[in-house]
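J.: Here it is, the structure, as structure tokens.
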Amino acid sequence: MKMINIEGNHDLSGTIKISGAKNSSVAILPASILASTDVTICNIPEITDTDALCEILEYLGADVRRASESVVITPSTIENKFIPEKYSKKLRASYYFMGALLGKFKHVEISLPGGCSIGARPINLHLKGFESLGAKITMEEEKYIVHAEELKGANIYLDIASVGATINIMLAAVLAKGKTIIDNAAKEPEIVNVATFLNNMGAKITGAGTSQIRIMGVEELKGCFHEIIPDRIEAGTYTIIGALVGNNLKIYNIIPEHIEALTSKLQEMGADIEIGSDYLIINKKEEYLPTNIKTLVYPGFPTDLQQPFSVLLSRCNGISTIEETIFENRFMHLPELKKMGMKITKEKTKATFFGKCNLKGNEVVATDLRAGAALIVAALIAEGTTTIKNVEHILRGYEGIIEKLKDVGAKIELKEI
Ligand code: EPZ
């Protein structure tokens with residue numbers, strides 16, 4: 001098991017470069033199998049989630065050549081094989097192979113996906129989309145079998161603007177016959193990045209980034225060169241760290257409008273932040289105005305940032321609240337933050353934070369990816385040393401987080417026990 005030790009209360013100065021977006025990469029890697037020739041993708045973050053997906057690509061027979069932060073994939077050698085749970089359970093995004101293999105071969109057999117325990121996370125909307133396109137779905141001891149004699153375009157309404165369902169339906173529809181319309185589609189920047197990738201391969205997708213996406217099926221998709229957008233959640237996490245311990249901390253390789261819900265909230269709370277074209281510079285403040293957050297689909301406040309953001313509320317002079325509207329179990333970090341001295345109450349999907357309070361180092365456990373990020377933020381401001389266990393969760397989604405923090409002055413060590 002891996003753990004992290006952090007000695008808190010050190011200012012961080014210098015620059016942090018943001019890596020490619022995890023939530024784009026984990027869709028685009030499976031999507032590459034739709035191409036008939038080589039695909040080159042750059043700015044892929046080196047995290048365990050992308051490692052797991054490259055492993056599945058190789059298991060299926062693709063040739064995968066990884067250099068630092070880029071990958072060349074030869075999909076032409078792929079066979080359509082059952083994906084067992086030893087691969088599918090490693091992460092939630094393994095389910096993108098459903099849309100990609102269905103779109104390419106009209107047949108897919110895959111065990112259930114894995115992923116964080118932040119909620120039930122059903123995939124009923126993904127399956128509804130596949131069925132609308134003409135697929136039949138059966139379940140056999142813990143595996144999905146999805147088969148279509150023919151995939152035909154359809155009008156699909158999503159009851160929830162689901163990121164995963166929107167992407168998975170796009171993957172299944174790009175080679176279908178005719179036109180597909182996805183209504184109430186998710187509008188996250190990663191959706192646009194995936195649609196751009198597919199269009200670079202020859203797909204005909206319009207409307208990505210709006211609530212209606214239109215896909216005109218084509219005969220074939222060819223390999224392309226594609227760049228992953230910067231990771232807005234990584235950028236937001238380091239921005240929150242800067243608001244707490246930054247001393248002229250520069251965070252660059254960002255798309256500022258992708259984290260506007262966070263930066264405008266920080267400005268409202270009194271943050272000292274300068275926003276440039278592809279960077280921001282942030283200085284810590286000893287005190288912030290209290291605030292109320294409600295997580296929403298993009299462009300609202302991202303659910304993936306509410307957990308690290310909650311640590312900042314310890315520095316607000318007054319009562320703040322966070323309401324989580326996307327996932328039903330995304331407060332597992334709160335008991336760990338209380339062990340470090342935060343004063344928090346919670347009922348159902350709303351948490352109340354009583355500031356200001358000083359945090360003390362303690363032994364804590366990461367329960368999911370962004371909960372782990374929240375514990376790193378808390379450890380950086382706590383008095384004394386904090387030990388965080390189960391940090392494998394964190395290494396899934398933050399490329400080089402130990403090195404990036406060390407390079408700007410954090411006293412942080414990764415240990416294997
Ligand atoms: C993606 O998860 C991200 N993961 C999540 O990031 C992110 O929090 C989430 O989108 C929301 O932005 C990846 O991209 C790999 P959803 P996804 O489908 O696609 C319900 C992180 O920390 N729902 O938009 O699973 C679902 O249960 C991760 O990087 C259904 O009910 O999210 C949830 O309550 C965590 N049926 C809500 O919709 C479905 O078929 C939104 O889920 C699909 C979803």
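J.: Using a 7 Å offset from the Cα along the Cα-to-Cβ direction at both residue 86 and residue 222, what is the distance between the two label points in nm, to one decimal?
T.: Inter-label distance under the simple model: 3.9 nm.
J.: To the nearest 10 degrees, how steep is helix 189-200 against the longest Cα principal axis of the chain, on a 0 to 90 scale?
T.: 30 degrees
J.: Moving to a separate point now. Nearest 10 degrees is fine. How inclined is helix 96-105 to the longest principal axis of the chain, computing both from alpha carbons?
T.: 10 degrees
J.: Continuing with this model, one more query. Given +1 on the Cβ of Lys and Arg, -1 on the Cβ of Asp and Glu, and no further charges, what dipole in debye does region 23-180 carry about its Cα centre, rounded to the nearest 20? List each step's numbers first, then the result.
T.: Values: 16 positive and 18 negative charges, 82 e Å.
About 400 debye.
J.: Please work out the average accessible area per residue across the chain, using the 1.4 Å probe convention, and give it in Å².
T.: Here the per-residue accessible area is 37 Å².
J.: Holding the Cα-Cα limit at 29 Å, pick out from 338/415; 81/128; 250/356; 250/346; 104/187; 89/284 the pairs that are longer than that. Walk me through the numbers before you get to the answer.
T.: Details: 338/415 24 Å; 81/128 23 Å; 250/356 26 Å; 250/346 34 Å; 104/187 25 Å; 89/284 40 Å.
With Cα atoms farther than 29 Å apart: 250/346; 89/284.
J.: If you don't mind, there's one more thing I want to ask. Report the calculated FRET efficiency for residue 55 and residue 247 (r = Cβ-Cβ distance, R0 = 35 Å), to the nearest 0.05. All intermediate terms of the calculation are to be shown ahead of the outcome.
T.: Working: r = 40 Å, r/R0 = 1.16.
Efficiency computed from Cβ-Cβ geometry: 0.30.
J.: List the relative contact order of region 80-159 as a percent without decimals, with contacts defined as Cα pairs under 8 Å and 6+ residues apart.
T.: Values: 124 pairs, mean separation 24.1, N = 80.
Here the relative contact order equals 30 percent.
J.: Let me ask something additional. Add -39500 (n - 2.57) for each DSSP H run of 4 or more in the chain, then divide by its residues: what number comes out at 222 nm, to the nearest 500 deg cm²/dmol? Please report the intermediate quantities before stating the final value.
T.: Numbers: 14 runs with 131 residues, N = 417.
So the helix-based figure for the chain works out to -9000 deg cm²/dmol.
J.: How high is the relative contact order of the chain, in percent, counting Cα pairs under 8 Å that sit 6 or more residues apart?
T.: Details: 1042 pairs, mean separation 88.7, N = 417.
Reported as a whole number, the value is 21 percent.
J.: Provide the packing ranking of 46-52, 228-234, i.e. peptides ordered by the mean count of other C-beta atoms within 10 Å per residue, highest first. Walk me through the intermediate numbers first.
T.: Values: 46-52: 19.6, 228-234: 25.9.
Per-residue mean Cβ counts within 10 Å order the peptides as 228-234, 46-52.
J.: Is the shape of region 117-206 best called rounded, prolate or oblate, per the rule: a/c under 1.5 gives rounded, else a/b larger than b/c gives prolate, else oblate, with a ≥ b ≥ c the square roots of the Cα gyration tensor eigenvalues?
T.: Note, shape of region 117-206 comes out oblate.
J.: Another question about this same structure. Among 3-11, 266-274, how do they line up from the highest to the lowest mean number of other beta-carbon atoms within 10 Å?
T.: Details: 3-11: 18.9, 266-274: 16.4.
Listed from highest to lowest mean packing, they are 3-11, 266-274.
J.: For region 257-298, what relative contact order do you get, as a whole percent, if you take Cα pairs closer than 8 Å and at least 6 residues apart?
T.: It comes to 30 percent, rounded to a whole number.
J.: Let me ask you something else. Between 0 and 90 degrees, rounded to the nearest ten: what's the tilt of helix 22-31 against the longest Cα principal axis of the chain?
T.: The angle comes out at about 10 degrees.
The values are calculated or read from the model by the stated rules, or taken from the named source; none is laboratory data. Because the structure is a prediction, the values reported are computed rather than measured. Methodologically, a virtual Cβ is constructed for each residue, glycine included, from the backbone with ideal geometry; neighbour enumeration extends over all protein chains shown. For the accessible areas, the whole protein counts, side chains as well, though only heavy atoms, and no ligand, DNA or RNA atoms are used. Shrake-Rupley method; radii C 1.70, N 1.55, O 1.52, S 1.80 Å.
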